[in-house]
Amino acid sequence: MKAAVFDAYGTLFDVNAAVQRYAEAVGPDAAHLSEVWRNKQLEYSWTLSLMGQYAAFWDLTVRALDYALAVHPQVDPGLRERLLDAYRDLDAYPEVPGVLAALRKRGIRTAVLTNGNAAMVDRAVASAGLADHLDAVLSVDDAQVFKTHPDAYRIALTRLAVGQGDVLFCSSNRWDVAGAGVFGFRTAWVNRKGLPDEYMDSAPTVVIGALNGLL
């Protein structure tokens, strides 16, 4: 393995952290609001890709929050901007910095390959203090199509100058792991929630409960 390539949202960064930060203000529907926000964000990305269209992932994130707030009219709409600001600066999972540092110490290049547009993910990486632990931060902006399209994964080969067999692709999103595996990467499914497998015909190379399972 020459490079460990990581999905960002859900894998390095806790996508629920934004709502959790304001859970008391959001109220009893905080968990469901966060779930709807994330699901709609992803749905928009897949729908656009199938239509042959593209928009910045941040724009989809904003649209998805507006939808989630519309589904939950009892939640104070005045929280919108605070939730968006919190999403710009999501918390990284606690093991992330140490794992990235350990991989690089072993001579393995580390990179992010994310649906997030460049400005969005660059801010997230900086705010979480991960910039010094990454050799590259790659966005599907370069391909103008979202994962799981093969062109999205091909960005890593081009930018890192590696072959498919040189890459271990790590994601907590099972659909992302399936797409990367079909593309030709070795894959690690970071199954933080202990979920059942849903893509039985595209098995991951390894299943781990957190990123420190890579070590």
- Total charge dipole magnitude, the chain, about the Cα centre, Cβ charges on Lys, Arg, Asp, Glu only, Debye to nearest 20: 600
- Query: Nearest-5 percent of antiparallel DSSP beta bridges in the chain?
  - Reply: 5
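Return the carbon/sulfur percentage of the accessible area of the chain, one whole number, probe 1.4 Å, all protein chains in place. All intermediate terms of the calculation are to be shown ahead of the outcome.
On the way: 4890 of 9510 Å².
Its accessible area is 51 percent carbon and sulfur atoms.
Please report the relative contact order for the chain, taking Cα pairs under 8 Å with a sequence separation of at least 6, and give it as a percent rounded to a whole number.
With pairs under 8 Å counted, the relative contact order is 25 percent.
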- Among all the lysines, which ones have a C-alpha under 22 Å from K40's C-alpha, if same-chain residues fewer than 8 places away are not counted? K147, K193
- Rounded accessible area per residue of the chain, 1.4 Å, Å²: 44
- Task: Excluding residues fewer than 8 places away in the same chain, name every one of the lysines whose C-alpha is closer than 20 Å to that of K105.
- Result: K2
- Item | List E81, E198, E24, ordered by accessible area with a 1.4 Å probe, largest first | E24, E198, E81
- Select one label from (1) -0.34; (2) -0.38; (3) -0.42: the one whose number is log10 I(q)/I(0) by the Debye sum over Cα atoms at q = 0.09 Å⁻¹ as derived from the coordinates shown. (1)
- Message: Using all alpha carbons of region 15-89, what is the percent of pairwise distances in each 5 Å bin, ordered from the shortest bin to the longest?
- Response: 3, 17, 30, 24, 13, 8, 4, 1
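Can you give the calculated 222 nm mean residue ellipticity of the chain, where each DSSP H run of n ≥ 4 adds -39,500 (n - 2.57) and the sum is split over every residue, rounded to the nearest 500 deg cm²/dmol?
-13500 deg cm²/dmol
The values are calculated or read from the model by the stated rules, or taken from the named source; none is laboratory data. No experiment lies behind these values; they were computed from the predicted model shown. Reconstructed Cβ throughout: ideal geometry from the backbone, glycine too, with neighbour counts over all protein chains shown. Quick note on the areas: whole protein, heavy atoms, side chains included, nothing else; ligands and nucleic acids left out. Shrake-Rupley method; radii C 1.70, N 1.55, O 1.52, S 1.80 Å.
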